[in-house]
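Read through the structure below, which is laid out as structure tokens, and then see the notes.
The values are calculated or read from the model by the stated rules, or taken from the named source; none is laboratory data. Since the structure is predicted, the reported quantities are computational estimates derived from the model, not experimental observations. A quick note on method: Cβ atoms are made from the backbone with ideal geometry, for glycine too, and the neighbour counts reach across all protein chains shown.
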């Protein structure tokens with residue numbers, strides 16, 4: 001098989017990234033104490049973030065949300081591609097949303113082949129627009145925007161099921177502070193059943209709940225979640241619409257709004273369930289897209305890093321996210337190295353026993369020796385649990401016994417899995433691989 | 001932009017929490033080290049007893065050598081039997097430690113072991129019929145040495161089987177002058193290494209059978 005120059009170059013770049021990353025970590029890992037101190041520095045960064053969120057949550061007061069006297073018109077835009085399984089339920093929920101002002105519903109079908117457009121046409125109040133050529137979600141959104149007449153644009157995924165009070169609860173946020181360009185909402189997992197789905201359910205509670213709400217208070221949000229976000233139409237047109245070449249157009253538009261000085265608000269007065277990956281393979285594909293998009297977009301908007309021109313977003317949120325991305329990969333690499341090293345150590349001990357012709361002897365006196373680093377791990381877990389508690393209190397969710405195992409795994413296993421996805425995303429981005437939807 | 005006091009507050013909270021965590025870690029590490037130091041001190045106290053017994057034998061030469069040798073043997077055996085457990089504990093604790101400094105304790109422990117070996121050798125010269133087989137065991141303490149770990153366990157098993165075997169563990173990789181001198185004297189350059197009966201040097205990992213073929217083992 002011939003390798004093209006481009007592919008060779010991509011492989012070479014990926015190889016260099018991998019080699020550099022592991023070389024740096026090996027330099028650290030060869031001294032266990034240095035690894036300890038690196039983990040403590042990263043833990044310190046996490047603590048700082050947690051403390052900052054908590055202080056913002058307690059000390060920054062929000063202005064009261066006032067219902068507008070005149071409700072702006074809204075265009076609800078739903079991009080759809082082969083969403084026959086979820087579209088009917090989505091449209092039922094969307095068309096059932098109550099709103100005192102004018103609403104139009106636009107479904108942009110991106111060349112579906114599974115009967116989605118036929119499902120959409122059954123909803124008489126939904127205007128179905130068919131594209132001639134498949135262009136992707138961002139392109140479909142831009143097409144919908146070009147035809148939309150509303151002052152506000154509610155962009156909703158075709159596998160999302162907003163509650164009836166969603167628009168009424170979110171629209172007032174546009175007048176809550178000056179320069180609001182977009183309003184987001186608490187996204188939750190729709191009917192989680194298996195372990196993978198329940199893990200994501202818990203993850204969404206923290207990420208889209210307390211943390212998002214707190215960050216919105218100081219205008220530090222960088223993503224307008226794809227499942228459900230509302231934008232000012234004039235703002236979207238002014239900033240140039242969605243980036244059609246971007247893997248995560250929802251993050252890219254969020255960054256662009258911040259770059260142009262607009263606020264992104266977040267409402268947790270209601271929550272919007274959306275479908276989530278039900279298998280590990282689908283989760284992997286989703287996260288690979290998210291994290292590749294994140295790495296790409298962070299690079300694209302690197303000029304905002306520690307830039308006071310962008311206020312708290314530039315000084316804190318953007319750098320913190322960049323550090324977090326780096327941190328997850330380092331922690332994953334350290335964890336993998338630790339397990340590999342432990343396995344190698346035990347293998348070499350077993351091999352030594354084999355060479356002397358005896359069965360290995362196991363000593364139990366060291367088993368309960370607690371590493372000092374456990375203190376920081378316990379503290380970090382405790383704080384995460386507090387964030388989780390505040391998040392589920394925000395929407396009044398009740399957990400049950402089925403959440404016990406996911407709750408344990410989300411602390412011990414899920415972060416390692418996510419870190420692995422980040423690492424793969426970094427390698428893929430470095431290699432310049434084409435993303436296969 | 002939010003007030004600077006929020007950022008400063010977050011930094012202050014982080015420093016306070018980390019300060020408390022570090023204090024806790026320090027106390028925890030020190031308590032573990034303290035427990036180990038007690039074991040080392042206890043062994044050192046036994047060594048003091050042995051030293052005093054030998055001084056006694058010099059001051060009151062030729063009197064009660066049977067009793068003296070009985071006490072000497074009992075003391076040396078007690079010290080060397082405790083020795084390997086302390087080696088393992090030192091290794092495990094140092095691995096899981098963050099702030100406490102183990103260097104002084106390690107140095108004290110291995111110097112103490114060296115002293116036990118000297119008294120063992122002197123006891124063999126002083127006590128007629130004192131038929132003990134000393135085995136100097138050189139091991140690594142700063143890095144993981146799988147062969148050293150296994151060798152230590154094999155020797156510990158043999159010590160339990162052969163009542164005349166005394167295993168003295170010495171660190172191969174600490175800068176301790178007397179131990180460096182012994183290494184040079186016996187030509188020890190690798191670890192694990194054994195010096196049997198202050199004569200025969202066995203380099204590398206040795207099986208139980210290999211060691212038994214080089215020593216006289218008096219079964220328990």
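Miscellaneous remarks
- Residues that are within 14 Å of chain B (Cβ to nearest Cβ), in contact (Cβ under 8 Å) with a residue 24 or more places away in the chain and over 20 Å from the mean Cα position of the chain (by Cα) number at least 2 in the following helices (runs of 4 or more DSSP H) confined to segment A:374-433: A:374-395.
Each row is one residue, and each column tells you yes or no for (1) buried (at least 16 other Cβ atoms within 10 Å of the Cβ); (2) more than 23 Å from residue A:196 (Cβ to Cβ); (3) at pLDDT below 80.
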| residue | (1), (2), (3) |
| --- | --- |
| A:384 | yes, no, yes |
| A:391 | yes, no, yes |
| A:408 | no, no, no |
| A:422 | yes, no, no |
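- Restricting segment B:195-220 to residues that are more than 14 Å from chain A (Cβ to nearest Cβ) and outside any loop (DSSP other than H, G, I, E, B), the residue that is farthest from the chain's Cα centre (by Cα): B:219
- Only one entry of A:24, A:60 meets the criterion of being at pLDDT below 65 and surrounded by fewer than 17 Cβ atoms within 10 Å (Cβ to Cβ), and that entry is A:24.
- Hits in segment A:200-240 (condition: within 11 Å of the chain's Cα centre (by Cα), assigned to a loop (DSSP other than H, G, I, E, B) and over 19 Å from residue A:175 (Cα atoms)): A:222, A:223, A:225, A:226
- Meets criteria (within 14 Å of chain A (Cβ to nearest Cβ), assigned to a helix (DSSP H, G or I) and within 29 Å of residue B:163 (Cβ to Cβ)) for residue B:35: no
- Positions within segment B:117-138 being in a loop (DSSP other than H, G, I, E, B) and either on the phi > 0 side of the Ramachandran plot or at pLDDT below 80 (or both), in sequence order: B:127, B:128, B:129, B:130
Residues are listed down the side, and each one gets a yes or a no for (1) over 21 Å from residue B:157 (Cα atoms); (2) in contact (Cβ under 8 Å) with a residue 12 or more places away in the chain:
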{"residue": "B:67", "(1), (2)": "yes, no"}
{"residue": "B:76", "(1), (2)": "no, yes"}
{"residue": "B:79", "(1), (2)": "no, yes"}
{"residue": "B:84", "(1), (2)": "no, yes"}
{"residue": "B:102", "(1), (2)": "yes, yes"}
{"residue": "B:107", "(1), (2)": "yes, yes"}
{"residue": "B:114", "(1), (2)": "yes, yes"}
{"residue": "B:121", "(1), (2)": "yes, yes"}
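- If you go through segment B:58-92 and pick out every residue that is more than 14 Å from the chain's Cα centre (by Cα), farther than 12 Å from residue B:123 by Cα and at pLDDT below 80, you end up with 6.
- Single residue of B:2, B:17, B:27 found to be in a helix (DSSP H, G or I), in contact with a helix residue (DSSP H, G or I) (Cβ under 9 Å, 6 or more places away or on another chain) and within 14 Å of chain A (Cβ to nearest Cβ): B:17
- Qualifying residue in segment B:73-83 (condition: surrounded by fewer than 21 Cβ atoms within 10 Å (Cβ to Cβ), assigned to a helix (DSSP H, G or I) and within 14 Å of chain A (Cβ to nearest Cβ)): yes
- Being closer than 19 Å to residue B:113 by Cα and surrounded by 15 or more Cβ atoms within 10 Å (Cβ to Cβ) holds for only one residue in B:194, B:202, B:212, and it is B:194.
- Residue in segment A:39-46 that is buried (at least 18 other Cβ atoms within 10 Å of the Cβ), modelled with pLDDT of 80 or more and more than 8 Å from chain B (Cβ to nearest Cβ) present: yes
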